Amino acid sequence: MVEEYSDEKLEEILDKAYEWGIAFSKSKYFEELTEEQKQESEFVLMSFTEYMYSYHELLPEKWDEDTLEECCLYTLPRKISANDSYFESIAPVLSAFFAFLSEKNILKNASRLIRRVKKIDRQIVKNARDPRNWGIAKSFAMAAMDAGVDITNEEEMQEFIALYNMQQLAKLKRDKRKTGTKTKSKKYKVGRNDPCPCGSGKKYKKCCGRCYAHKF
């Protein structure tokens, strides 16, 4: 049975996950991770927990193998704008985290979840690298990142958007000369209260418009 979504419940879940994450970072399971995986662990755990609830409506205690696979193979690659390091860390970080939660009697089916996420490890990375799996907002955010833009910096994002709009206008003018048809340009604009270009569903000011302030 899925949980009916609410913003209040999401905040409660994320607060709980953050507390688990702090304890996890002091455990033997965390110590077995590589330095790169440790650096990515907070983002992996918090984003996985958030999307399992906000997109799949599952509380942590109800996580199951099939939904885990759908989230890791399709939801995260479609929504999360990050480099390979993040996606390569998903399986090892979640495996260690599940083992930790099992030891604390928080997660009852940890062994099954661990087997499933390890099985799809390479496919997660493969799906995340394929632009065909990206949402429109992520495609834009990845273009910004490829251009060296810090998507958490509002000023840099606005400068990139202005450049992007100029490039699109120039392209439309070239197309107009070729076809002889009139075409209106669509300008991409993001305000602080607009949906974040990364596709998280949050407002820009509450997502990429701010850096993650807390670290394990």
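For the reader, a short list of remarks on this structure follows.
- Meets criteria (at pLDDT 60 or above, open to solvent by 100 Å² or more (accessible area, probe 1.4 Å) and out of contact with any strand residue (DSSP E or B) (no Cβ under 8 Å at 6 or more places or on another chain)) for Asn127: no
- Verdict on Lys138 being open to solvent by 50 Å² or more (accessible area, probe 1.4 Å) and either touching a Leu at 6+ places or on another chain (Cβ under 6 Å) or charged (D, E, K, R) (or both): no
- Considering the stretch 141-155, and only residues there that are part of a helix (DSSP H, G or I) and in contact with a Gly (Cβ under 9 Å, 6 or more places away or on another chain), the residue that is most open to solvent (accessible area, probe 1.4 Å) turns out to be Glu154.
- For the stretch 165-185, the count of residues that are within 17 Å of Tyr86 (Cβ to Cβ), modelled with pLDDT under 80 and of a type in the set (S, T, N, Q) is zero.
- Within the stretch 81-98, residues that are free of Cβ contacts under 8 Å to residues at least 60 places away in the same chain sit with their Cβ atoms under 7 Å from residues that are open to solvent by 10 Å² or more (accessible area, probe 1.4 Å) and among the polar types (S, T, N, Q), at 6+ positions apart or across chains, in these pairs: Ser89/Gln37; Pro92/Gln37.
- Restricting the first member to the stretch 135-164 and to residues that are among the polar types (S, T, N, Q), and the second to residues that are open to solvent by less than 50 Å² (accessible area, probe 1.4 Å), the beta-carbon pairs closer than 8 Å and six or more apart or on different chains are Thr152/Cys208; Thr152/Gly209; Gln158/Val190.
- Whether a residue is surrounded by fewer than 18 Cβ atoms within 10 Å (Cβ to Cβ), without any contact (Cβ under 8 Å) to a residue 24 or more places away in the chain and closer than 23 Å to Ser89 by Cα was assessed, and Lys119 passes this test.
- Of the candidates Glu35, Glu4, Glu31, Glu103, the single residue that is under 28 Å from Thr152 (Cβ atoms) and out of contact with any strand residue (DSSP E or B) (no Cβ under 7 Å at 6 or more places or on another chain) is Glu35.
- Residue match in the stretch 80-89 (condition: modelled with pLDDT of 95 or more, open to solvent by less than 10 Å² (accessible area, probe 1.4 Å) and not polar (S, T, N, Q)): yes
The values are calculated or read from the model by the stated rules, or taken from the named source; none is laboratory data. Bear in mind that the values here come from a model prediction, so they are computed numbers and not experimental data. Please note: Cβ atoms are built from the backbone with ideal geometry, for glycine as well, and neighbour counts cover all protein chains shown. The accessibility values were calculated without ligands, DNA or RNA, using every heavy atom of the protein model including side chains. Shrake-Rupley method; radii C 1.70, N 1.55, O 1.52, S 1.80 Å.
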